[in-house]
Amino acid sequence: MDTIPHEQINDFRSQLRGSLITPADAAYDSARQLWNAMIDKRPALIVRCAGAADVLAAVGHARKQGLPLAVRGGGHNIAGSALCDNGLVIDLSAMRAVRIDAARRRAVVEGGATLHDFDHEAQSFGLATPLGINSTTGVAGLTLGGGFGWLSRKYGMTIDNLVAADIVTADGSRLHIDASHEPDLFWAIRGGGGNFGVVSHFEFELHPVGPQVSAGMIVFPLDEARQVLGRYRDMVDTMGDDLSVWGVLRHAPPLPFLPNDWHGKQVLALVLFSLLPADALQDAIAQVRSFGSPVGEHVGALPYVSWQQAFDPLLAPGERNYWKSHNFDRLADPAIDVIVDYAGKLPGPECEIFLGLLGGAASRPAPTATAYPSRAARWAMNVHTRWQEPAQDSACIGWAREFFARAAPFAASGVYVNFLTADEPDRITEAYGPNYARLRAIKAQVDPHNLFRSNQNIAPG
Ligand code: FAD
């Protein structure tokens, strides 16, 4: 920080409508906190933008001064790429406006909005678009990597619903892009992450959703997990787009519908979601129940906005986190064996193995239709290792890496870029598969000097 003269900081500050936070400011430490408490970076300048003009000024300042640059949407990325050491952070957390055009079923969402900001506004019209499962996540980072959640089997990935974006590129151009204007760049931002510029506004297609949906979970003892997961896998083969069922293996939280003596015990929860009324799901619920001897269940009607926040208490910011992820096209028996084996050795009560179900509408676009290529992946498995004390770092990270390596022989190629940690740059080519060369060529055109490199970086090629 001492290396940036005061006059330069004051001059830059005078160009902004938002605020400029430096290490000398009281707000500095809170402004450099991310969802993952493992990340401890010290930027020189944090620009809390008030609008697209501030984004433009900040991009220009970083470029002219040769400063490392990072972009923060919701601050949830596990890799901590929303911050950089000794550089400039474009912090969009004050840009959270969401405007709904109900007649056209469109939403214009600012680059710092959270999933809850979006859902809250859209649901007041009974509308939504597919987003993720933790409401404090940023719409921006989630969308730019692909984005999937409870609505994805019905309505596709988040990017499949992105119709336009306003982007500031490395040379200071402000572009409104869509399928007809800058189509290559529009293709690239649908999965290519923050490599191509700063998106100040996203425009999404909306769908009628709820406001009441049917959701909940059926919880089995871990002892039955092999059998239950095998039957779940077979059920998915014929499951329609109207139903989504995810698997979570973890220590049972103290949910009111679970008997007290099951709280804290190891379980497999099959989590159901549908836009259909619960009455229409009775067969599916009975089928899932029949997979084993559930220790508890609750599936019923509730507001979509509440369901979108249902997992928040288990995923609150401020803890230490380490992830490992594999895609699976099919959960072969040996894969299930490894999953259940490692679920039996979870290194802490907050750790979990998440099996996010894709397929349905998310699988229909061609792998090259957007930059996100993993359309054949039926499950994205994410190993959420989560703990509080630094003394547990090596045990928790060691467990995740060991599990990841043991599961690797049964995994599909490809990985969801938004689940990659900072120590996996070697997996970026895997994440982009057939689209990697085209992404490198577009990067070379719009960001030849790699100004936007605090991300899962696509080197200009
Ligand atoms: P940030 O850390 O702020 O940003 C991540 C990166 O995105 C930045 O480094 C930058 O490169 C880029 N970026 C951010 N904003 C902009 C912008 N406006 N313009 C240009 N580049 C930008 N993903 C799913 O798909 N489905 C899920 O259900 C899901 N659940 C999750 C649950 C939790 C608890 C967490 C922590 C993550 C989850 N994710 C999920 C992953 C999530 O999509 C990524 O972590 C995503 O990067 C978060 O976006 P963000 O804006 O909060 O992140």
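The values are calculated or read from the model by the stated rules, or taken from the named source; none is laboratory data. Computed from a prediction, not measured in an experiment: that's the story for all the values here. Cβ placement follows ideal geometry from the backbone for every residue including glycine, while neighbour counts extend to all protein chains displayed. Note: areas computed on protein heavy atoms with side chains; ligands, DNA, RNA excluded. Shrake-Rupley method; radii C 1.70, N 1.55, O 1.52, S 1.80 Å.
Taken as a whole, the stretch 413-421 holds at least one residue that is open to solvent by 20 Å² or more (accessible area, probe 1.4 Å) and within 16 Å of the ligand (Cβ to nearest atom). Just name the residue that is surrounded by the fewest Cβ atoms within 10 Å (Cβ to Cβ) out of those in the stretch 235-254 that are in a loop (DSSP other than H, G, I, E, B) and more than 25 Å from the chain's Cα centre (by Cα). In this case the residue turns out to be 238. Could we say that residue 29 is within 16 Å of the ligand (Cβ to nearest atom) and either assigned to a strand (DSSP E or B) or not assigned by TED's automatic domain parsing to the domain that holds residue 390 (or both) here? No; evaluated as a whole, the condition is false for this residue.
Counting only residues that are in a helix (DSSP H, G or I) and either in contact with a helix residue (DSSP H, G or I) (Cβ under 9 Å, 6 or more places away or on another chain) or of a type in the set (Ser, Thr, Tyr) (or both), the stretch 206-234 holds 9 of them. For the stretch 68-92, a residue qualifies if it is within 18 Å of residue 56 (Cβ to Cβ) and either near the ligand (Cβ under 9 Å from one of its atoms) or not in a loop (DSSP other than H, G, I, E, B) (or both), and the qualifying residues are 69, 70, 71, 72, 73, 88, 89, 90, 91, 92. Taking the criterion of being out of contact with any Asp or Glu (no Cβ under 9 Å at 6 or more places or on another chain) and under 25 Å from residue 383 (Cα atoms), the residues of the stretch 437-457 that qualify are 454, 455, 457.
Only residues that are aromatic (Phe, Trp, Tyr) and either open to solvent by less than 10 Å² (accessible area, probe 1.4 Å) or within 14 Å of the ligand (Cβ to nearest atom) (or both) were counted across the stretch 99-136, and they come to 1.
Got at least one residue in the stretch 358-367 being open to solvent by less than 20 Å² (accessible area, probe 1.4 Å) and farther than 13 Å from residue 156 by Cα? No, the stretch 358-367 has no match at all. Determine, yes or no, whether residue 142 is modelled with pLDDT of 95 or more, buried (at least 23 other Cβ atoms within 10 Å of the Cβ) and more than 8 Å from the ligand (Cβ to nearest atom). Here the answer is no, as residue 142 does not meet what is asked. For the stretch 32-64, a tally of residues being surrounded by fewer than 20 Cβ atoms within 10 Å (Cβ to Cβ) and over 22 Å from residue 451 (Cα atoms) returns 3. Among residues of the stretch 93-118 being outside any strand (DSSP E or B) and over 21 Å from the mean Cα position of the chain (by Cα), the one that is farthest from residue 159 (Cα to Cα) is 103. When restricted to residues that are more than 13 Å from the ligand (Cβ to nearest atom) and either open to solvent by 70 Å² or more (accessible area, probe 1.4 Å) or in contact with a helix residue (DSSP H, G or I) (Cβ under 6 Å, 6 or more places away or on another chain) (or both), the stretch 179-203 contains 5. Applying the criterion of at least 1 residues that are farther than 22 Å from residue 216 by Cβ to the strands (runs of 3 or more DSSP E) found wholly in the stretch 278-384 leaves 320-328.
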